[in-house]
Each structure stands twice: as C-alpha cells, then as structure tokens.
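Inspection log for the structure reproduced underneath, given as structure tokens.
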Ligand SMILES: Nc1ncnc2c1ncn2[C@@H]1O[C@H](COP(=O)(O)OP(=O)(O)O)[C@@H](O)[C@H]1O
Ligand SMILES: [Mg+2]
C-alpha cells in the first residue's frame, strides 16, 4: 500500500546540513497498522510527511497504491492526497469553525455536493462518537474530542490510508487509550491502512502489527511487533521495549544472583504459558526457579508477558532447562550487567 | 436650545457636507486600499522565505517598497505624487484628487497589518488542508484569511482611524471634510465653536469605529 524506497532528506540548518533521513525504505501492506517509533529528532515526522509529499524527499521513491507520487502533477497530487488522510499531534482544526464545519468545509472544497457532505459529516461524526458536539467550537472541546474531530475530518474523505503524526502524544493516558481503540476500530471496520509515528512504546504495543525503530534518520530495526518485543536486537529497541517492562534490579544483586545460577528474562505469549512452564522446570530439572519480577501486557492480538527469573542450579542443568523452555515457546534471554543502566538487556 | 438651533442654522449645512465628504473619502479609499492591501499582505506571507511560495526577490522588493512609502509623511506624499494623481484620475484636487494619495498612503499600511494578522495562523492547519488535497487559493481564503479574520478586523479598524486622520489634510488640495472644516473655520477664522464641534464629531467617529471594531473582532474570535 505504501512503498518508500531510498528516501533521503537533508535540511539546511543554522549549523550546517541536517541529515533528517538517510536512505530510508519502508513497506506497509494493505490493512496493516504500521508503527514507526523513535526518540525526538530521529526523523519520524519528516518520514511520514514524505508519504503525502508535505515534505518532498531529495531522493527516493514514494509509492502509494503503486502510484509514484513524486512524479505527479500538482493536480494529480491533490487527487492522490485526498486518498491519504492525516492526523496530527496538534489536531490542526479551524478555530473559527464548528465541529460540523471543520469536517464539512474541506469536503465542500473538494467539490462534493451539499447532500453528500451532510451525509458524510453525520456518518463520520457518529463513527468517532461526537455527533452531539457538532455545533461546538474547538475551544469548547477537550484534547481527545478535538482529535476525534480531526479523525472524522480525515475519514470523511474516505481514504484508504491514514497517516498519524504523534496523534496521541498531547493526550493523557486514558484519552490515549480511547483514541488508540478508535484507530483499531477504523482499521478493522473500515479496512483503512494506518501508518503512525510515535515516541511511546505503549502505542506500538497496543495497536501495531509491525514496527520500525528509527534513530538518526535511519531505520535501525524493523519487524512484527511480537518479534520486536521478544527479541529486540538494537540497544535503542531494547530501551523502548524495556520502557514497558522495567525490571529494575540493583547491579549488586544481579552479580550475587549470577554466582549461584543464572538470571534470565522469559518472554511468552498468552495469559498463562509462562508460569506453568516454569513450574515444570522445577519438577523436571534440578533447578530452583525464583521469579524476581514480572508483568503481562496486551499486544494488539494477544497478551505478552515477561518474567525476570533466577534459575538456581548447575550450569548444565540450566542449559537443559533453557532448552526445555524454548520448546515450550518461551523466549529466554540471559541477563548481562550493563555499565550505564541496570535494566535487563 | 436657542443657541443650538442658531448654531445649526448657521453651520448645520456645512457640518453635514463635511461629514459626508469625510465618509466618502474614508469609504472609497478604504475600499480600494483593502483591495490592494489584502492581496499584498497575502503575497508578503506566501513569499516570505521558507513559506509556501518562498521567493526572496519578490518578498524583498515588496518589503522595501512598502517601507519606503510608509516612511513618507502623508502631507509630503500628498504633494509628492501630484503628477501621478493627475495621471490616474485626471485631476489632483477635490475628493477625487485626494483618493489617490490616501490609497497610496493606506494600502501599504493595510498590507503590513494584514501580513502580521495572517502570520498568526497556525502553520499546522494550513498543512492539514494541503494534506487533504485542497487548492492553494482555497487555503488562502478559507484557512489563512478566515482564521485571522478577527485580527484582520482589528487591523482594518486601526487603518481606518489612520485614514480619518489623513483626510484632515485633504483640505489642502480641496478635498474638504471635517478636518478641513475645523482648520478653515477654527484656525483661520477663529470660529472656535465650529472647531470644537468638528473635533467632537471626529472623536465620536473614532471612538465609535474602535468600539465597533473591537466588538466585531471579539465576535469573530472563537477561541
Ligand atoms: N523544516 C525543517 N528545517 C530544518 N530542519 C528540520 C526541518 N524539519 C525537521 N528538521 C530537523 O530534522 C530532524 C528530524 O526531525 P523530525 O522528522 O521532526 O523528527 P521527529 O519527528 O522524529 O522528532 C531534526 O533534527 C529536525 O530539527
Ligand atoms: Mg515529530
């Protein structure tokens, strides 16, 4: 659905050139929710703005629905853009227009007649659950409600793709949840492909099928969300995953525990596969497992848990136990003590 | 009561004519100045380096022209452009003759006021409209101008009041108006009553305009 290939973008900043994107490629399939995560300044906004050419890349190809956007005339580009909805961190509504007009005006300007406009506004206000607010002005709405209006405005053009630039970053946690649920619903019920960027791992965790991690203008890691959660490769990715599962164990304690056995993180899917497997380990092998910390969260389609355990016993027995756990679909990673933080790596 | 009636009998007609002249001069030159100044303001915003149609040359040329005109006091401008006025409207005297210098004086001012009003519009909203595939001319009208309409009204109020001030000097080329009346009778012939009355009329006019402008601006502002 969205095919970015070799995108490069350099800005001229006050202190020399800023390489915002360095040869970035990304592919989003129809019906997917694809998340791009990275810290501030990583180049995420620049990347998503390249998809509808709000930002023109210096090099590379931007294809949406197999159409090369960089080659289009201004008129054709406008047509293509109306098939790509976009929502923003700052909502970007007209302050001088009511909720109704905020959605109706752009529709009118794209040439739809009055009856169609009215139908669309009603339909999408219902979908975002804001019909009773249609005569309110944005200043009378909460942040979450404003974002719902912005979502309705984007959907009212009936696009196949929705781009979201930190749409929940200005919202409190509860409102974030509600907006994420709405995005999920849009994806499921309307079949809209979503590309979103965020700096919050819980957004990825809650709704994304796939994720790319960006740093310094490059995609440093990419894959299915569940794979990224179970075996993050890059240290930045690990930090993002650990921002959800922070097992803060003092270094000193880890050192001591490692003397009498092995500290490991066990990752597993499903509500209950972790602890029963661990119980079996203690039965089958000459090992005392001890849970140091643990948590379970929901990924988009299934629950995902992590346990930090101390496996006390001989190293040969531990090796067999780890092998056994892997056979039970439990992902095992050893714990090293890193210098700069004492999080599980 | 007697004295008021007497005063009106004596001066009523003159006051009335002068008020009408002031309204004519202000109304016509304001309308033309808006027609020139608003698009210029839009152009200034669009060609500003780093903006949609960023064009250093157009922007700088406009900038300099506007600054040059704005540095000339109206009374000097009035005489300085006499030949130009004559060329445009065929005469350099009367209400007709004063419209041209008033427009030359006011249009660049309005352009500046419009520029600062339009610059207040959130860049993000404009982008949201670009992202929806809306034409640039629609964005200019329905986003830029619409969103800054409250500031535009306030700017136009300021410009109109400046214009009323400038019309006071229009008498020098036979344009008439309240300012001219106050000057001719009040200063030259020392009929202080007439002077006071015209000044009071001007004060009421300016106060009324400012209040109206403030009221409209507040009404148009929705945040
Ligand atoms: N219009 C611009 N002009 C100059 N530099 C820019 C511009 N837009 C973004 N940048 C720079 O490009 C880098 C990436 O920015 P951005 O894509 O906004 O990152 P993110 O969204 O991940 O925080 C940053 O260093 C930023 O300062
Ligand atoms: Mg950003």
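Where a number appears in this text, it was derived from the coordinates with a stated rule and is not lab data. Owing to the predicted nature of the structure, the values given are computational and were not obtained by experimental measurement. As a convention, Cβ positions derive from the backbone with ideal geometry for all residues, glycine included, and neighbour counts pool all protein chains shown.
A Förster distance of 51 Å, applied to the separation of the beta-carbon atoms of residue B:135 and residue A:216, puts the FRET efficiency at 0.85. Along its first, second and third principal axes, ordered by size, region A:2-242 spans 51, 42, 37 Å in Cα coordinates. I need the Debye-formula profile for region B:10-49: one equal scatterer per C-alpha, no solvent, reported as log10 I(q)/I(0) at q = 0.23, 0.29 1/Å, two decimals. Log10 of I(q)/I(0), two decimals: -0.73, -0.86. A crude spin-label estimate for the pair residue B:67 and residue B:35, with each label 7 Å from Cα along the Cβ direction, gives 3.0 nm.
Globularity index of chain B is 1.20 (Cα radius of gyration / 2.2 N^0.38 Å, N = number of residues).
Measuring max minus min along each principal axis, the C-alpha atoms of the protein assembly as shown give extents of 120, 53, 53 Å (largest first). Relative contact order for region A:2-242: 28 percent, from Cα pairs under 8 Å spaced at least 6 residues apart, divided by residue count. D by Stokes-Einstein for region B:36-86, Kirkwood Rh over Cα pairs, 37 °C, 0.692 mPa s: 267 µm²/s. Dividing the mean sequence gap of close Cα pairs (under 8 Å, 6+ apart) by how many residues region B:48-106 holds gives a relative contact order of 25 percent. Taking only alpha carbon atoms, region A:112-251 gives an Rg to Rh ratio of 1.06, where Rh is the Kirkwood radius. Normalised by the residues of region B:2-220, what does the relative contact order come to in percent, with Cα pairs under 8 Å and at least six apart? Reported relative contact order: 25 percent.
At the listed q of 0.09, 0.16, 0.22 Å⁻¹, the Debye profile of region A:46-164, built from one uniform point per Cα, gives log10 I(q)/I(0) equal to -0.26, -0.77, -1.21. With 0.36 nm allotted per residue and the present C-alpha distance subtracted, the residue B:79-residue B:187 stretch has 36.7 nm of extension available.
Relative to the longest principal axis of the Cα atoms of chain B, helix B:56-71 runs at roughly 20 degrees. Spin-label model, residue A:29 to residue B:203: label points 7 Å out along the Cα-to-beta-carbon direction sit 8.0 nm apart. Size descriptors for region B:58-146, from the alpha-carbon set: Rg then Dmax equal 17.9, 52 Å. Against chain B, whose longest principal axis comes from its Cα atoms, helix B:94-119 is set at around 40 degrees. Antiparallel beta bridges, as assigned by DSSP with both residues in the protein assembly as shown, represent about 70 percent of the total such bridges. Just checking the listed ones, A:37, A:18, A:127: in the Gaussian network model of chain A with Cα springs under 10 Å, the one fluctuating most is A:18.
Axis of helix B:2-47 versus longest Cα principal axis of chain B: the two differ by about 20°, to the nearest ten degrees.
Using a simple spin-label model with pseudo-atoms 7 Å out from Cα toward Cβ, residue A:14 and residue A:286 lie 6.9 nm apart. Where only DSSP H runs of four or more residues are counted, the protein assembly as shown gives -16500 deg cm²/dmol as its mean residue ellipticity at 222 nm, each run worth -39500 (n - 2.57).
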